[in-house]
Each structure stands twice: as structure tokens, then as C-alpha cells.
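The values are calculated or read from the model by the stated rules, or taken from the named source; none is laboratory data. The model shown is predicted, which means the values in this text are computed figures rather than measured ones. Using ideal geometry, Cβ is built from the backbone for each residue, glycine included, and neighbour counts are taken over all protein chains shown.
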């Protein structure tokens, strides 16, 4: 059963990674974790998890329709796995929505605030209802395990047919309404994909995908648990799918012909190639494969065929969901690793539930079991380590929990802290000198800071000439700008440069060459040093020279600035032997000076703000 | 009655007083360049901005307050809706954060609090609270040159056409917002082409109508599918029964 | 506790074989532990299989998991082990002994061991390690005293217990114990001392006559009385060796008038399963349960015997029905209760010589029975002294954990195991040492003899027998009772 | 050096700290899970909770027993533990780090106390090391890691002390700081997988000990079947 162990370990690790990312996402917001922007507000989570997730759950209604409505009894072995997959698929959709929504705790608002004009409203309701229906459809299976719930089970079994019927009706609605979602963006979607028939196309492709998803799953589990696959049934499904796909192809091409966009297929831009690839993967190649009887009945053929349909349909949903809008918006979006890991983690978690279910319940005709589940089998000491970790449940618990926590820890380690630190630049009010000579320096705004005798330092530094010793780098015309205006992260290096700011201030794209020498890679390394333009930033005699665009963390900057002098002073000045000790400055006292407390209205701070009301570069489509 | 804002691009001097006024009135935070911002000056903290075009042209950008707003039609919980006066406003108590409005907006206006733990959709709300108190929007009040003015929509359209007629050589012969996407409450007259403000120029259909047909066919599709399935089931059941009988006979 | 170290000569004598070593030459204790001979090469594999089977079906896994993670090797336990104090041999430090089994667990049953095994391919269980365990675990008296000193709370006695259990599953267990158990579970007589039923009846009748003679009243040993309140299970060896204790018990019942009985189907309280195998433990406990239920008895009453009391008290509920199991009471508890309630009258100052009390580990360590015997003794003795330490921190007699039944190692038991106890008794200067435990009695007798201490080992009820006053005799004949 | 330092207190710190917290939580949960399972399988569910609790408290605050045996060694150990727990948790500088990282802080030690406790911990740690090395009983049962742990544990204390008192080694401030962080992180990672896990498992020990004697009701038959001993003589 090594194959199962390895698979489960990987799945647990993916789940763990996703958990760490999900915690980050809820702690710091979507901006830190995703690559979503104002132009691309929907990304991988909608395109893959929701759009493709719902489509992949189509197996449930397709197979129940074949079995209960069309009364094809021989498909019985596939009904339970199909319903289970559908249920898990919809739970995946709900989970990923909970991550993707900005205010997931308001998801129930859909039930009380109605906007029936919105396709999303309809999709939301259908998903909620259908998930409930699937739960009711599936629950007799686990309930069969104990006799305690026999009554409930009997009632559920009585209502099976109406439930199935309701499930099919609901699926029809939301599978198609997912297409309706994008009817409202005729200005953004590429014409090859935009058509008023989107809902119908979505529905037809969902049927084909449902057939193939069930097949794919049967093949996957048979590989994993080394059990015989239902190859005969899969061949029949393949045969049916080829007709559905053929019909889909026909409708799609005819629609393009009527709307006059058929020629766009061969226009040679990347959208046209994408379109061709999509149709090939999703429909044309599978139709050919499944039309050859020998291929249709071979395991390899089934693997390839079902995989192609699944992959192709996912590609189609991603294309409609945003990929093909890039041409209009001009903004390229690629999911961050954190988005990917959340998607993968949700799939992994539900795959674990799936594996758990098929081991615990009667999903397949033969329930896959680890041989050691029988308590009287002699324990198998693993060949390499000669160890035995206990019965399958104990061993699994030991092994997978370790994999899980390691993955969570790695997830936390990989979180881009610089993004967290610099995204919300600390709300800064310049600390004012109090009593004319003392500053209260509180870099991280926690109320604890250093009381800095400013006047005394000026005096010790012999007058105003010494200012540059500390004020090594002022913002233009501003000697009093706090250290934190550049050293933003308390403990991490920050980017003080602000590329966008400079780019727009310098007049947009044309000004790149002002800093980046022509003909070289445009990186920070090849750019001109700051001081080339900002001569006054680094006066002679400054304690610290800045040559790169990054600046040390606030704490580092302050320590580097203060500690050397203090050390020197402590060594030479016997009056203050304690000067070099941390608590001399960090004495933990929080002087409650009223002028420092509280936020001041924006109006009074306006003059200190680097606002950029005027934007020179307009919207001119994608950057050439 | 329906109110509107008319911006005369020729009169704007790019002083950004409107931006400052907007920030002040709504207590918005300061702005910093962020990776997720589109480069048009709008952000969750700036609900209006001034875009500079070559040749010292300044165009104020803000929510267009469509007469038939796609954002309101797409919002599943109706968090975005049109007031009686015509302002498209946002109810943060209802919002789920699905961002369908941002996808649906043909002008790419709504912005998101990407860096907040509790994020909301942000955009110009036409100072609807000020309107209720009988005041003008902050921006039109603040404009020193009268480049952006406030009034009845019909009157402002007329005003726009009047200005064009008066100085046809100065203006392009078009009031932006009169027909676009079914008409908007924020209008422009200009000496340069303003089509770059929208994703697709010349789109004169009201966007909600695109999904309307699909949504209207939902109940018939639902019942139709149910009926079809029941019918199919009945036929097949009957056929199987007959088949069984005939087999019995043959036996 | 400080002990004078063993002299070389003493050491030689203690470990000297009384018989010729039979199987393994390295085996210091010269006991033939092997029940059946298996090829030595195969033993590690069979050990691991047995270990795994036990882990699978019993509750040891979580405890071992806990112990391997928490063991800090602080060496505090060394200060409390009477065996180590006597031998000074590092192998006898409880922590070191436990490590024998814990290292096997760590290597073969944990994830860390799996990784280490794959990386370095060493540390497998070898036959030498099994041999070491076989020696070491039977040096321990399983008195659980070290547990009291362990800051990490490692129960070394539990590990010894488990180690012996696994070893017994692969055929390594003291022959004496196994033979007794075989007789008890599968033999014709059904008890560890192989007493045939007629012999038992004879003995009891003889004792009844004896008591009639001494006390002048009928003190009976009721046999097979159904619906009795108390079904009595003494250590069966008492019938042979500690008749006075039994007479004391009978006298107590004669005084209180409660109904009690000895079952002729099964009358053995001894449970060697506690010492070497949970499986045997379970079987024996079930026999006790079955006999009591056959007689429709209400309570199980255990005689003066530590391990019999503990195995019944703690494992009767375990194996025979949890909360619904029959209540188990030790005879000392019963007697104390009767005395408290005034149903039993004891004559004060009956025992004139100095008396001390030895706490059997099995009933004192858990603070189960410590005060009752003391109160009874104080009631009848003139001069009662305590040993130090006492009660739950007492020192083992040196014959615990079943080692007392292995006659071959008497020199070891009296020179090493009981050394600390001997010092303790000597320090009190007592003439009677009361040991309410068959095993302790046997061990202490041999100990006092070998260590040449002038003191007598005696049961609690032996003394009580002398002090009971019968105010309402079952028969009319009342005679003046004899003074000691 | 600066890059290393940043890596050590950025990603590496988060990794190791998470491994420590989650790893400890894991073994604690697994331990309790095992206990619950054992309790459910136990034939006798009667557990002397009160006695167990008393013994647990006695060992968590081992004032009563410390003087029984080897009082000096025991006292060294207790003082070492006090320093080990209080200084990292309540040092002003550390609390400041937490304040900036998670937004809140807590009670801190006065500077003098922190210094005293740090020095005490270092001395006691060294004492433990030499105590183990010098004591024959301890030496016999010690494994390699038992010697290394006290040494490893005092490294962050020594380096931390140097960092907090810049005058001691001003030129190597960053190097010392790096050592301080890295050694602490090494400890974090090793914590859940070594004997130091007793920091969370310790309170459970007495319950484990009691529960371990509660055997399942039917072991005999199962083990006989598994080992093919059914019907074999005892």
C-alpha cells in the first residue's frame, strides 16, 4: 500500500501548506497573498476552483440521470463515486469561495438580500441547494454503516428519486448560469468566446465533462488501490461523450459562423492559437480517440481521452473566466504561489476526504482496505527501516501529522513578509520635539520608544553642522522627516524607492532610460544610484551612505546610527559607563504625551502627504 | 428627476482640488503606489483622479453612475444600487466581497481594499449624503474653474450641446455619457477623444440586458428540464416494462 | 539510603550458580528462563513480532510513546532502587534497565527510528540485547519505588512488566513461575502449589480442630457455601506454610459472624500473570471471577497477599466487567472495618514484644492499604515501631515481582535484593516483622535467616488471632482465653 | 552577514518557530489521543484522579521532593529551568519583538533581574553539564545528546547577554547576534523531536502512568490469534 501512503502524505502536505497560506490571507488580506489587482479582480480561485470545480462536479447529475432517469442499471457501480465526487467538488467550491470572498462571513447574505437579476445570485442559490441535495443523496451510504440511523436512512431512500430529479434540475440551471456570468462583459471578453449562447455551451460541455470525470476518477482510484477498473462502463461513457462533444463542437462553430467571427480562429494572434488548442484538447482529439473501438476499450486510451476532456474543459472555463480578457485589459495576471497552493490544498483536502470515504464506506463494490486493517494480520515491518508504526490508523496519524505540520511551517516560512510590511506603510505622523528639545522616537507605534534628547545631541555635536551626522538622508526640503519614512519595516529591509512613483513622476514609460541605461537589463542593479539625482540626500559627513534602492529595517537603521557613537562615548566618557547598554534607551517607559496620541484628521496632514492627484500616463491599452 | 455631473475637459487645469475635496469629505486615507492599482490614479483611497493627456489636457476620472449600472445588476446581494436621484451607491453591510461588480464594470471603476483584513469595494458615491442635505458633491463645489458642474441630467446634456454648438471648433461634437452603455450620469464634453476611458468604445447597449434574457429563461429552463426528465423516465420505464412482457411471452 | 557496598566475596556468592547453567552461559543468574528452546538467530524477529502484537492489542503504545519522548536521563531513580544500591552495578539503574526496552521501541516502532534505520542502518534488535533484557528484567523486583522518584513520571516497573511479558511470549520466563501457572490453569489440582482438594479439606479440618482446642469455640472454614458475602482467596501457599494466618482470618469471621466461604472449585489467590504475562493475568483473574459467580458470592476477599490483592483489585474490573465487576476487598480492610464498627473486639497490649510493619509494595505503593494494619497493630501491641521509609515509599523485601518463587536465586535475593530491607529491619530492633503478604513472608524469612537477624516474620492475622475477644461465641462454651 | 541575519530572523525564524509550536502541539495531541484511545479500550475506567493530580502538581513544582536525594543537583536543575523559562519569555527586547510582530506584548523583567537570571541560567547550565560529567551514575545512563543539551541551551543565553551588553564584544555584535538567533532556532527545531519535549508532556506523565496500567478487557485471545498461539500451553 506504499502508493497510498505516498499519495496521502503528499496530500496532507499540500493541505498543510494551504492552511498556512489561508491563515495569512485572513490575517493580512488578499493583497498580500494574491496577485489580483483592480483590473483583474477574479483570478485562479474563481477561474479554477469555482468555475472548473462546479464543472468537475457535473458527474453527479449526469450519472444519476443515466441511472435513475434513463434507467441504465449497469451503471450502478459508478453512481456512488459520482455523487460523492460531486458533493466534494461543491464543497471545494464553497471552501474556495470562503477564501476568495473579501467578506466570507457575509456569505449567508445571499439568502436574505435578493437580487434575482444577478447570474451570480442564481449560481449561489443553486450551489447551496444542490450541495444540500447531494448531501441528502449521499448520506444513505455512511448511514448504512450503523443501524442506529436506519430510520433516517429509510426515509432518505424513499425520497431518492425526487431528490435526483431536483438535483438534475438545479444542475441544469447553475451549470449554464456560470456561463451567464460572463454575458455582462461583452466589452472585455474576446469574441471567440463571447456569445449569447455561453450558458448553453457551458451546459453541454458540463455533460461531457461529467461523463469523463467519472471515468477519470474510476481509473485514478483503480491505479491507487490496485483494484480492477470499470473499463467496460468507461468505454460506454466514452462512446456517449463523443456524441455530446460532437454536438458541442457543432453548436460552437455554427454560432461563430452566424456571428461572423469564424475568421478570427485563423487570425494568428495568441487568442486564436488558444482557441484552437482548447477545441483540440477538449473536443476534437477525444472524439477521434473514442471513435476508434480499440482505443475506446483500452485502459491507456481511456486515460488519455478522459484526461484530455477534463483538462480541456478546465482550460475552457479559465479562458472564459478571465484569460481571454487580457487582450482588452492589458494587464497580465499570473497566480501567486499562494493562490496556487490554496487551490491545490483545497483539492488535496477533499481528495483526502474522498480516500477516507472509499476506505470507510461502501463506495466502490469492493472496498479497498489496507491488509493490516485486519487486527490479526502479523505486523509488517517496513523493509527499509525495519519499523512498524502500529495499526493503519495509528501509523497514519503519526506519519501524516508530521507531514502536515512540516508543510504548515514551510508555508509560514515562505510568506512574503516584505509584502506585509510594505503594503501598509505605517501611518506616519512626524513626532514633534517636545519642550523644544526632546523627541519621542517610537518607530513601530507601540507606545514604547526612546526619549531622545535632541537639543542635547545638537549641543554635544557642536552645533548645527552635526545635523547631517544623523539626518543622513532627508526627503527634499524636509530635514525633519522621520527615519521611518524610508525604513518602513521594523525588522526587514524595505524598498525605499517606489518605482511606480518615480516612473509616473518622470513622465511614464519614456523616462525609463533616464535611470536604466540603454541596452541593459532593466533591474535595480543596472540602474543609476539615487544620489545621481538627489544630491542633497547624502550630505558630506553623513553617518550612513545609501547606494541602493533598499534601506535597512528601521531597527537596524536606528541601531547602526546610535550604537557606534554610544559605544564610543561609553568607552571615553567615564560619566556615562552605561551608555552602551540597551536599556539606557529602551527603558520601557511610555510617556503619555498628549500631542503624540490619537490620529489627526487628514486635512491637517495633507501638506505632509505625497499624494499624486495627477496621473500622467493614461489608459492606452497594453504596454507595447 | 435625475442628477448628473458635467465635466468640461477644456476648462480643467489639473489642480486636483476636486481630488483633495473628495478625500477630505469622505475621510479617505493617503495614497501610496501599490502593485494592485491600475495606473489611473483611482484607488480605494482616491475615488476620483485627474488624468493628464498629452498637450495639457486634464480629464477627471470617477464613477460614471450609469443609468442602468452593470455593477448593480451583477451584485448578487444588491449591495450596489441606484438611489432615486441617480447615484449608484454601495452598502458595505450587505457586500460579500465577490468582486463581480469589478469584473462587470465597463469602465473599470470600482476599487478594492486589497490590503485590508476587512475589505470593501470603493468608488465614487456622488456624495449622495450631501445631496440629501441639499448640498452639491464636494468635487463640483471645490472646482475653481467650473470645469466640473452639478445639476439635472437633462439640463446638463442640454448645456453640453449648447457649449458644443456655441464653440463647435473647440469641442468634439459629442457629449460623452449621453448614450454610452445606456446613458451615464457623469457627462463629459471634450476637445479630445475620451473613448480611452472605457474598455470598449461605442458600446451603446445597457449591459444588464445581456444577462436579463438568460435570467428570465431560468424558471422555464428549470421546469422544462424537470418535465423532460420525468417524461423520459416514464417512456423508458414503459418501454422496459413492455420489453419485459414480450420477453415473458416469448419465454 | 546508604548501603555498605557488597564485598567481592558476597557478590560471588550472590551470583554463584546453585545449579549448572543450562542454556546461555552469559546468563549471570543461572536460572533456566527458557521454557522452550528456539534457535537464537530467530529470537529478534520473534521478539519484534510479539512486541508488535502486544502493542496492537493492548494499551502500552501510548505510554511507551510518552516515555521515549520524555525520558531525560537525570539519574534520580538510581537513588531509590534497592537493587542498584546493593550491587552498584550501572546495569541495575532503573533508567538504564528501561532504556533496554525503550531503545528497541524507539528503533523499531517510531517514525524517528524508521528514519534512523533507513539512514544509518544500525541499532537493530540483536540477540545479545534480548539476552541482556532477559537478565536485567528479572533482576528487578518491580516494586515501583523508582517511579516515585522520577521527575518525568516514567513507570520503570511498567516497562519491566512489559519487557517480561514480551519475553514470555517468545518463551523466556522463569521456569518456576511457568510451571506453577501451568498447574494453576491447566493442571489437575488447579492451584499453583498443586494441593489436591482432599488434602485441602484435611488441612482445614485439622485447623478447625486446632482452633477448637485453643480457643474453645467452633471456628469454621466454611466450604462451598452459596450466597456468602465473602468468597475467600488466600495465596494458596498459606494452606501449607501460614496456617496461623488462616486461623486468624477464620477467627475474625467467627467474631464478626459474617458469612464467608472458601470455594473448593478454585481457591488460589496467586496470580503470577502479574509478574510475567498479561495473558496469564487475564486468565487467572477470570478464574477467580468464575468461582465467585459459581458460588453466587457477593465480594471477593483476598487473603494476606500483596500481588494477589493487587491483581484482583485492579484487574478484576479490567477483565471482568469494569464497573459491574465484583468488589474486591483485602482481608486487612475487612478486619479493620469490622474492628472500627465494633463487631470485632481486640484485647489491647496482647503483644508484648517489639513489632514493626513491612508494607508490601503491591498494596502500599498506590496508597491503597497503609493505615489499616497499623491501626490494628497499635491496638494490640505494646511496642510498635515504624521502619523508615515507610508506607508508599517503603523499600521492597527483595523478593517482589515473582522473584521470590525462584528458589535458585535465593542467594541473590537475600544478599542483593533484600539487603536494604535487612538493614531497615535491623535498625528497628523489632522482634516481630509483620508482613501481610505471602511473598514477602517467604522472602523475609529467608532474608532474616541468611542475614542472621534475630527477628520473626509473621502475618497480621497471626497476631490478631491471639488478640481476638469472643464476646458472643457461636457456641455456648466459653473458656478463659490463653495469654501469650 | 546582514543577509544571513535577515534570513535568520525572517523566514528561518518563522519556519523554526512554527515547527516548534506545531510540533509540540502535535505530540501533545497525539499523546492525548493515545490516552483517550487507551481509556476507551480499558476494561477498568476507574482512575484515581485526585491522587494523580496531586502527584502531577508535586512534580510540576518539585519543592517537596527536591531535597530527598542529590539536593545540589536537583536545585541546580530547578534554577536552570526557572531561568530557561522566564528570560526568553519576559525579556524586554523579546517582548518588543512580539509587540511589533503580533501587535501586543506583556510583562517584562527589569533589566537587572534579566541580567541576574541570565547569568544564573548560564552557570546552572554549566553546572548541569559538569554534574552529569562528574557523576558516575549519570555518566552511565547518559547518551551523547544528554551532554549536548545543556551546552546548546546556554548558547543563546551567553550570546544574548553579550548582545544586550554591547560593551562586552562591540566588534562582533552582528556575529554574536546571528549566533544567538541561529542557536535559538536550532533549539526550536529540535524541541519537539527530542527529550526537551518534556516541556509539554510533563504534566501528563502521572496520568499516563496511571492509565498505562488500565489494560484492555480482552488481550489474551487477540494476542493468541495474532501470534498463532491459540490453544497452546501456557
Residue B:73 meets each of (1) more than 7 Å from chain A (Cβ to nearest Cβ); (2) in contact (Cβ under 8 Å) with a residue 40 or more places away in the chain; (3) not in a loop (DSSP other than H, G, I, E, B) with one exception, condition (1)
If you go through C:421, C:441, C:431, C:452, the only one that is at positive phi and at pLDDT 85 or above is C:452
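Residues are listed down the side, and each one gets a yes or a no for (1) facing another protein chain (nearest Cβ under 7 Å); (2) surrounded by fewer than 20 Cβ atoms within 10 Å (Cβ to Cβ):
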| position | (1), (2) |
| --- | --- |
| A:367 | no, yes |
| A:370 | no, yes |
| A:374 | no, yes |
| A:388 | yes, no |
| A:392 | no, yes |
| A:399 | yes, yes |
| A:403 | no, yes |
Is it true that residue D:70 is facing another protein chain (nearest Cβ under 9 Å) and on the phi > 0 side of the Ramachandran plot?
yes
Among (1) out of contact with any helix residue (DSSP H, G or I) (no Cβ under 6 Å at 6 or more places or on another chain); (2) at the interface with chain A (Cβ under 10 Å from one of its Cβ atoms), residue B:81 falls short only on (1)
Check: On the given criteria, is residue A:327 crowded, with 22+ Cβ neighbours inside 10 Å, under 33 Å from the mean Cα position of the chain (by Cα) and assigned by TED's automatic domain parsing to the domain that holds residue A:235?
Finding: no
Filtering helices (runs of 4 or more DSSP H) wholly in region B:139-251 for at least 1 residues that are in contact with a helix residue (DSSP H, G or I) (Cβ under 6 Å, 6 or more places away or on another chain) gives B:208-216, B:218-250
| request: Taking residue D:38 as the residue in question, decide whether it is surrounded by 15 or more Cβ atoms within 10 Å (Cβ to Cβ), under 23 Å from residue A:390 (Cα atoms) and within 7 Å of another protein chain (Cβ to nearest Cβ). | output: yes
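Yes/no matrix, rows are residues, columns are (1) outside the structural domain of residue A:288 (by TED's automatic domain parsing); (2) free of Cβ contacts under 8 Å to residues at least 40 places away in the same chain; (3) surrounded by fewer than 19 Cβ atoms within 10 Å (Cβ to Cβ):
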| residue | (1), (2), (3) |
| --- | --- |
| A:191 | no, no, yes |
| A:210 | no, no, no |
| A:213 | no, no, no |
| A:246 | no, no, yes |
| A:251 | no, no, yes |
| A:257 | no, yes, yes |
| A:267 | no, yes, yes |
Exercise. Do we find that residue B:99 is facing chain A (nearest Cβ under 7 Å) and surrounded by fewer than 22 Cβ atoms within 10 Å (Cβ to Cβ) in this structure?
Worked result: no
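Yes or no: residue C:391 within 14 Å of chain D (Cβ to nearest Cβ) and more than 30 Å from residue C:265 (Cβ to Cβ)?
Numbers: within 14 Å of chain D (Cβ to nearest Cβ): yes; more than 30 Å from residue C:265 (Cβ to Cβ): yes.
Considered against the rule, which asks whether it is within 14 Å of chain D (Cβ to nearest Cβ) and more than 30 Å from residue C:265 (Cβ to Cβ), residue C:391 comes out as yes.
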Screening C:367, C:374 for residues that are at positive phi and either part of a loop (DSSP other than H, G, I, E, B) or without any contact (Cβ under 8 Å) to a residue 24 or more places away in the chain (or both) leaves only C:367
Scanning region A:75-110 residue by residue, those within 13 Å of chain B (Cβ to nearest Cβ) and over 25 Å from the mean Cα position of the chain (by Cα) turn out to be none
Can you find a residue in region B:93-100 that is farther than 27 Å from residue A:186 by Cα, in contact with a strand residue (DSSP E or B) (Cβ under 7 Å, 6 or more places away or on another chain) and not in a helix (DSSP H, G or I)?
no
Picked from region C:271-306 (must be outside any helix (DSSP H, G or I), away from chain D (no Cβ under 14 Å) and out of contact with any strand residue (DSSP E or B) (no Cβ under 7 Å at 6 or more places or on another chain)), the residue surrounded by the fewest Cβ atoms within 10 Å (Cβ to Cβ) is C:296
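Let's see how each residue does on (1) within 19 Å of residue A:278 (Cβ to Cβ); (2) under 19 Å from the mean Cα position of the chain (by Cα); (3) assigned to a helix (DSSP H, G or I); (4) free of Cβ contacts under 8 Å to residues at least 24 places away in the same chain:
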{"residue": "A:296", "(1), (2), (3), (4)": "no, no, yes, no"}
{"residue": "A:303", "(1), (2), (3), (4)": "no, no, yes, no"}
{"residue": "A:306", "(1), (2), (3), (4)": "yes, no, yes, no"}
{"residue": "A:310", "(1), (2), (3), (4)": "yes, no, yes, no"}
{"residue": "A:319", "(1), (2), (3), (4)": "yes, yes, yes, no"}
{"residue": "A:333", "(1), (2), (3), (4)": "yes, yes, no, no"}
{"residue": "A:339", "(1), (2), (3), (4)": "no, yes, yes, no"}
How many residues of region C:199-215 are over 14 Å from residue C:465 (Cβ atoms), surrounded by 16 or more Cβ atoms within 10 Å (Cβ to Cβ) and in contact (Cβ under 8 Å) with a residue 60 or more places away in the chain? The answer is 1
Among helices (runs of 4 or more DSSP H) completely within region D:127-234, the ones holding 1 or more residues that are closer than 27 Å to residue C:113 by Cα, without any contact (Cβ under 8 Å) to a residue 12 or more places away in the chain and over 23 Å from the mean Cα position of the chain (by Cα) are D:220-226
Restricted to region C:72-126 and to residues being in a loop (DSSP other than H, G, I, E, B) and at the interface with chain A (Cβ under 10 Å from one of its Cβ atoms), the residue nearest to residue D:148 (Cα to Cα) is C:123
Test: residue C:166 is in contact with a helix residue (DSSP H, G or I) (Cβ under 9 Å, 6 or more places away or on another chain) and either within 10 Å of chain D (Cβ to nearest Cβ) or within 30 Å of residue C:244 (Cβ to Cβ) (or both) | no
In region C:169-198, anything in contact (Cβ under 8 Å) with a residue 60 or more places away in the chain, more than 27 Å from residue C:416 (Cβ to Cβ) and either at the interface with another protein chain (Cβ under 10 Å from one of its Cβ atoms) or not in a loop (DSSP other than H, G, I, E, B) (or both) is listed as C:169, C:184, C:185, C:197
Conditions (1) within 14 Å of chain D (Cβ to nearest Cβ); (2) buried (at least 20 other Cβ atoms within 10 Å of the Cβ); (3) without any contact (Cβ under 8 Å) to a residue 60 or more places away in the chain -> residue A:409 fails only (3)
Q) Right, residue B:136: without any contact (Cβ under 8 Å) to a residue 12 or more places away in the chain and more than 27 Å from residue A:181 (Cβ to Cβ) or not? A) no
All conditions in (1) under 18 Å from the mean Cα position of the chain (by Cα); (2) free of Cβ contacts under 8 Å to residues at least 60 places away in the same chain; (3) under 26 Å from residue A:199 (Cα atoms) are true of residue A:67 except (1)
Looking across region D:206-221 at residues that are at the interface with another protein chain (Cβ under 7 Å from one of its Cβ atoms) and in contact with a helix residue (DSSP H, G or I) (Cβ under 6 Å, 6 or more places away or on another chain), the single one that is surrounded by the fewest Cβ atoms within 10 Å (Cβ to Cβ) is D:217
